[in-house]
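Note sheet for the following structure.
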Amino acid sequence: MPVIELDNITKTYGRGGFFRKQERFTVLNNVDLSLRAGECLGLVGRSGSGKSTLGRIMLGLEAPDSGTVRILGQNVTGRKTLPTGLRRAVQVVFQDAIGSSNPRLTAGEIIAEPLRNFDKLKGRQLKDRVAELLEQVGLSPDDANKLPGRFSGGQLQRICIARALAPSPRVIVLDEAVSSLDMLIQARILDLLTDLRKKHDTAYLFVTHDLRLVRRFCDRAFFMSDGSLHAFDPEKMADMKGSKALEELFNAILPPMPDSERTSDGQRLDQVAV
């Protein structure tokens, strides 16, 4: 049974409407997607292509206009709040670490919040678990007493990852979650997430622009274009060189490239580097 399943999801938004009639535009168009236990599914696409909207719908944070959302087999479509068990099972790491962290709470308090809510931990047990999570993401237990303003952006993102790991979720939506980290810490975090997959069958929706990380980390991958999902094999991208499918993939990630940035045979220079 999939841990999360989306059936025929459609989502539209309105724009304009102050001095003229509001227009509707489609962000997701009859999207079907399932995420199995222990699977890492990559999702790439341009900014504004609907990746984050899809992630919010998967998390139950936003309702689709039509279609069905199931988490652990339960229909949660349109529900404003999820049962405690489902809220624990699905966690998220947002791209904006600063915006998703309370500046008045220490790193330890940020990580401890889900442990108090879901596991009712307190005292020494809570402190030891927070220290363990900090070490897992490459930080020191002494960092628990620091406020967010004392961390770099990359360090603060590691704290957000530790917070998501705290309740031992079944699914984590990683929305550009490692883009602000250096390559060494990226590798360490991805290795940690891979270990969790093996131990607990934790599944991931990995939203990114970095095709290098998709190849390294994901089992399956899709690119989003015009509100639809298109599958591609991360392991066979080299075989796609010069193909229409690869052109569509890059078009879904990057802004249009001027003709001056193409090779003499019309191929995009960024494709040559793949």
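Nothing in this text is a laboratory measurement; each read-out follows from the coordinates by a stated rule. A quick note: this is a predicted structure, and the numbers were derived from the prediction, not measured. Cβ sites come from the backbone with ideal geometry, for glycine too, and all protein chains shown count toward neighbours.
Overview of results
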{"read-out": "Arg220 long-range amide H proximity, modeled H, under 5 Å", "value": "Cys40, Gly42"}
{"read-out": "Length-normalised contact order of the chain in % [C-alpha pairs under 8 Å, at least 6 apart]", "value": "24 percent"}
{"read-out": "Options Leu193, Pro141, Thr208, ranked by Cα towards positive dipole end of the chain, top entry (Cβ charges)", "value": "Pro141"}
{"read-out": "Full-extension gain in nm, Asp201 to Leu105, via 0.36 nm per residue minus C-alpha separation", "value": "31.5 nm"}
{"read-out": "Per-residue HN-Hα couplings for region 80-88 [Karplus 6.51, -1.76, 1.60; θ = phi - 60°; Hz; x = Gly/Pro]", "value": "6, 9, 9, x, 3, x, 6, 5, 5"}
{"read-out": "Residues with amide H under 5 Å from that of Ala97, placed H, sequence gap 5 or more", "value": "none"}
{"read-out": "For region 144-149, Karplus couplings with θ = phi - 60° (6.51, -1.76, 1.60), whole Hz, Gly/Pro x", "value": "4, 8, 8, 7, x, x"}
{"read-out": "C-alpha long axis of helix 107-119 to longest principal axis of the chain, angle in °", "value": "80 degrees"}
{"read-out": "Cα long-axis angle, helix 123-136 against the chain (0 to 90 degrees, to the nearest 10)", "value": "30 degrees"}
{"read-out": "Highest-fluctuation residue, Ile98, Ile172, Ile159 considered, GNM on the chain with Cα pairs under 10 Å", "value": "Ile98"}
{"read-out": "Dipole axis of the chain (+1 Lys, Arg; -1 Asp, Glu on Cβ), positive-most option in Leu28, Gly78, Gly50", "value": "Gly78"}
{"read-out": "Karplus-derived 3J(HN,Hα), 6.51/-1.76/1.60, for each residue of region 38-53, Hz, glycine and proline x", "value": "x, 9, 10, 10, x, 9, 10, x, 5, 4, x, 7, x, 4, 5, 4"}
{"read-out": "Nonlocal amide H pairs with Leu28, under 5 Å, H built at 1.01 Å", "value": "Lys11"}
